[in-house]
Amino acid sequence: MIGSRAVIELEDVRKTYRMGSQDVQALAGVSVSFLEGSFWAIMGPSGSGKSTMLNLLGCLDRPTTGTYRLQGHDVARLGDDALSEMRLRHLGFVFQSFHLIAQLTVQENIELPLYYLGWEPHAAAERARELAGRVGLADRLGHRPAELSGGQQQRVAIARALANDPGILMADEPTGNLDSATGVQIMDLLGELNEQGKTIVMVTHESDIAARASCQLHMRDGRIERMVEGRG
Amino acid sequence: MTARHLLRDVKLGIKTLLLHKLRSILTMLGVVFGVASVIAMLAVGEGASQDALTRIRKLGSNNLLLNSVKPVEEQNTGAARVRMVVYGLLYDDERRIRETYLQVNRVVPAKIVRKEGRLGQRSLELRVIGTTPDWFDLVPRPVLAGRVLGALDRERRSSVAVLTEYGARRLLAASNTVGQTLRLGNQAFEVVGIIQSEPGQGSAVQTPDQEVDAYIPLEIARARFGDTATKVSAGARERELVELHQIIIEARSTADVEPLAEALGAMLARWHPKKDVKLSVPLALLREAEATKRTFNIVLGSIAGISLLVGGIGIMNIMLASVTERTREIGIRRAIGAKRRQIVSQFLIETVVLSSLGGLIGTGLGLAVPALITAAAGMPTVVTPWSVALSLGISAGVGVVFGLYPAARAARLDPIVALRHD
């Protein structure tokens, strides 16, 4: 169900880092747009710029030059607070190593974005229970992350990423720390969410995982090497 | 941020601190002892100075005291076996003071007589003060039995005596002694009352009624015993002529005390060049005691302040370690959308909770320690409300001041770097 509206638009985006006395160009002019409801896999060897790409798309970083429109907002020149606000309102993150907060329970981890959105505690608890049910962990709400398996932890992370009902999910090697059977389950869950209308941008280096996405974007040396836009 | 959100954040902070109970308690200890020492030290200081101040106030802050002192050059110079030493305040001094100065309200002269006293079977040397009824207004003490000297005693020249509590105890007198006859030397006096006296022992400030056994009217004292007294010291007999031993002067107001003291000083320099009269001003002593107290408080406050500073540095140290330890958590929160100031407030709330809790426990300890000191050592201690408020305020302030830097450091972390941190 790919729509016709672009939720992510990059125009000649460049990112330069200063390493010692040398400038390193992590992104050397990237222009691309992702349509609403699409499922993108960003691939490429290490150093190709795919992590930088994800950081920029995830509003964790700003391009050196170029423009980036996220859900129609020009975010390339936003300040730190405004970028935080964009992440809070429009994005959900799923990381390779889950990145749950160890001292918080499953429920509290899922509630975290709602806490920053200023939700009332009981409403947030209600939403956390609902999301835990959706990822199949309704009976683990009181557990701490360390008491769960890797697959379960990633489900909690996905539930947390969904809490603020974002339009776009950013996934950074979501199956990288999981065995293949569990990885398949997580990819099934992401596929399901994509079918429900979420735009997903996933970084991976595994081609069979990338094959689950509808579109692939191959990067090399900070540039787009090729793009495969799949069925709609 | 609403009060409800703040409450939730505080709860969250407490929960985080409870994850490392021992560490939190150890971190708090610095503030606990800092606050406890502030309160306890100020309580001890306040107790000591209030004790001194009450004693001085008992002298009357509007009063000035003149005492006859044997001049140094008159001592041990006599070659004659029986010498007469003349010194001290004169009846004329009393009149002069009463008539000269506008600032004077009342003047009370006092004459000290040492006589063999006898009450019933008991007989011992007594220290008796001959004075006027005004004495009992200027040196007010509760009457335990009977009455004090009155204007009528003076008029009728009646031979009456008022025992002090101290004198009564020495003479084994009780309230039924009132009406009985006290013999002083070979003179008979009717005991008309007993009044309380100041124990006054172990204090730097002497009260006028210290170790006084009885009071009699001044005129009677003068008429019956005269102005000369014979002293036997080191085998030599010495005769002393002292008209008045003490004059208590009451100023009209506290503002009059200092100018009056100055004027009296000038008068004494003129009329008593031998320096056989000493002027003491309780108000000046009071001022001095208050100044001492201020110095004392500043010293104690600085010591306690330093211990609070050390406590604060301890907290900052632990919070900095905590920030490093929780770098990834900070990265996660930032990625989810937490703003910098929300990270600041999270860490700041934790430090303030920690230091305020330490402040509360320290207050408890700070209240217990002075009570213990009073119970064990008998030292007076006074815990003032402001010292408790000050300590609690400072402990919360310590949390803010020493929490700000670690919190700012946490918030400055780049989320990308923080997320990669293990």
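Summary table below
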item	result
Failed criterion for B:Leu163 (all others in (1) more than 12 Å from B:Tyr215 (Cβ to Cβ); (2) surrounded by 14 or more Cβ atoms within 10 Å (Cβ to Cβ) hold)	(1)
Options A:Arg127, A:Arg144, A:Arg140; residue that is among the basic types (Lys, Arg) and within 12 Å of another protein chain (Cβ to nearest Cβ)	A:Arg144
Options A:Leu83, A:Leu78, A:Leu27: the member that is more than 18 Å from the chain's Cα centre (by Cα), over 14 Å from A:Val201 (Cβ atoms) and crowded, with 19+ Cβ neighbours inside 10 Å	A:Leu27
Scope the stretch B:116-138; condition assigned to a loop (DSSP other than H, G, I, E, B), under 31 Å from the mean Cα position of the chain (by Cα) and surrounded by fewer than 20 Cβ atoms within 10 Å (Cβ to Cβ); matching residues	B:Pro133, B:Asp134
Residue among B:Ala375, B:Ala338, B:Ala368, B:Ala321 that alone is out of contact with any strand residue (DSSP E or B) (no Cβ under 6 Å at 6 or more places or on another chain), assigned by TED's automatic domain parsing to the domain that holds B:Ala40, modelled with pLDDT of 90 or more and outside any helix (DSSP H, G or I)	B:Ala338
Scope the stretch B:203-245; condition outside any loop (DSSP other than H, G, I, E, B), at pLDDT 85 or above and either polar (S, T, N, Q) or surrounded by fewer than 20 Cβ atoms within 10 Å (Cβ to Cβ) (or both); matching residues	B:Glu219, B:Arg222, B:Ala223, B:Arg224, B:Phe225, B:Leu241
Selection within the stretch A:36-65 - in a strand (DSSP E or B) and surrounded by 18 or more Cβ atoms within 10 Å (Cβ to Cβ)	A:Phe39, A:Trp40, A:Ala41, A:Ile42, A:Met43
Among residues of the stretch B:353-397, those that are among the β-branched types (Val, Ile, Thr) and within 24 Å of B:Leu17 (Cβ to Cβ), counted	5
Matching residues in the stretch A:128-147 - criterion: being closer than 13 Å to A:His99 by Cα and surrounded by fewer than 19 Cβ atoms within 10 Å (Cβ to Cβ)	A:Arg144, A:Ala146
Selection from the stretch A:211-232 of residues that are under 11 Å from A:Ser38 (Cβ atoms), aliphatic (A, V, I, L, M) and outside any strand (DSSP E or B)	A:Ala213
Residue in the stretch B:329-341 that is hydrophobic (A, V, I, L, M, F, W, C), surrounded by 19 or more Cβ atoms within 10 Å (Cβ to Cβ) and more than 14 Å from chain A (Cβ to nearest Cβ) present	no
Residue ID - surrounded by the fewest Cβ atoms within 10 Å (Cβ to Cβ), chosen from residues in the stretch B:12-65 that are within 16 Å of the chain's Cα centre (by Cα) and β-branched (Val, Ile, Thr)	B:Thr54
Selection status of A:Phe98, buried (at least 18 other Cβ atoms within 10 Å of the Cβ), within 14 Å of A:Ala163 (Cβ to Cβ) and within 16 Å of the chain's Cα centre (by Cα)	no
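Quick grid of which residues meet (1) touching a residue at least 24 places away in the same chain (Cβ under 8 Å); (2) in a strand (DSSP E or B); (3) within 14 Å of chain B (Cβ to nearest Cβ):
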site: A:Leu78; (1), (2), (3): no, no, yes
site: A:Leu83; (1), (2), (3): yes, no, yes
site: A:Leu88; (1), (2), (3): yes, no, yes
site: A:Leu114; (1), (2), (3): yes, no, yes
site: A:Gln152; (1), (2), (3): no, no, no
site: A:Ala159; (1), (2), (3): yes, no, yes
site: A:Asp165; (1), (2), (3): no, no, yes
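The values are calculated or read from the model by the stated rules, or taken from the named source; none is laboratory data. Fair warning: this is a prediction, and the values are worked out from it, not measured in the lab. All Cβ positions, even for glycine, are placed from backbone atoms using ideal geometry, and neighbour counts span all protein chains on display.
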